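All remarks here apply to the structure that follows.
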Amino acid sequence: MAETVGGSCLCGGVRFEVTLPFTRAIHCHCSRCRKHSGAFGLTVGHVPMSQVHVLQGEELIRVFEPPGGRVKAFCSVCGSSLFGGAWPDGEMAAVRLGALDDDPQVRPIAARVRRLPRTVGRVARRRAPALPGRAAAAHTRKTGRQSLRARAVSRGRVVRGSATTSE
Ligand SMILES: [Zn+2]
Ligand SMILES: [Zn+2]
C-alpha cells in the first residue's frame with residue numbers, strides 16, 4: 001500500500017490525506033504568497049490532484065484567485081492556507097507543507113531566486129573568465145566584448161537553480 005501523510009488546518013475542521021510521493025517542493029516568496037501567509041511566503045509540495053483526499057470539512061474550504069497568480073485555498077474558520085495550484089480542478093495540486101501533520105518526505109528548493117547576494121556575486125566574478133589569462137584578454141580585444149554569460153555574471157544576473165515557477 002502506498003504511503004500517506006495526513007494534514008489539517010489550525011482549527012481541525014479540515015482534514016486531508018496525501019498519497020506520497022510529492023513530485024517536488026518549493027519555497028515561494030512571491031508577493032502573493034507573502035500577502036497570503038503574512039510571512040516569508042509559502043512552502044508547497046506538488047502532487048497529482050488524484051493523490052489528495054479531503055477527509056473532512058470540504059465545505060469549509062474557500063478559494064481565492066489573485067490576479068495573475070495561482071489560487072489560494074484556505075479554511076474559512078481559522079484561515080489556514082491548505083492548497084494552491086488550480087485547486088480543486090487542476091491536474092496538479094499544490095499542498096501547503098506547513099499544514100501537514102507528518103514528514104512529507106520531500107525537501108523544498110528555493111524558487112524565484114532572481115539575484116545572487118553581493119558576496120556570492122563577487123565569488124562568481126572571480127571564477128568567471130571562461131578563457132584563462134592572455135587568451136581572455138585577446139578574446140576581449142578581438143571581439144570588443146565579453147561573452148553574454150560573463151556580462152550576466154558581472155551584473156549579478158545569473159540565476160542559480162532551475163525553479164522559476166511561483167504560486
Ligand atoms: Zn480551520
Ligand atoms: Zn508564490
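Just so it is clear, none of the values below were taken in a lab; they were calculated from the coordinates. No experiment lies behind these values; they were computed from the predicted model shown. A quick note on method: Cβ atoms are made from the backbone with ideal geometry, for glycine too, and the neighbour counts reach across all protein chains shown.
Which shape class, rounded, prolate or oblate, goes with region 1-66 when its Cα gyration tensor gives a ≥ b ≥ c as root eigenvalues, a/c under 1.5 marks rounded, and past that a/b bigger than b/c marks prolate? Since a/c reaches 1.5 but b/c is at least a/b, the shape of region 1-66 is classed as oblate. Here the peptides 47-53, 64-70 are ranked by packing, the mean other Cβ count within 10 Å, and the order with the highest first is 47-53, 64-70. In this simple spin-label approximation, PHE40 and THR4 carry label points 7 Å from Cα along the Cα→Cβ vector, and these lie 3.1 nm apart. For the pair ALA110 and HIS53, label points projected 7 Å from Cα toward Cβ lie 3.8 nm apart. Remark: region 4-110 projects, on average over all directions, an area of 6.0 nm² (convex hull of Cα atoms). About its Cα centre, the dipole of region 1-107 is roughly 560 debye, where the only charges are +1 on Lys and Arg Cβ and -1 on Asp and Glu Cβ. Here's how it looks for CYS78: its modeled amide H is under 5 Å from those of CYS11, which are all 5 or more places away or on a different chain.
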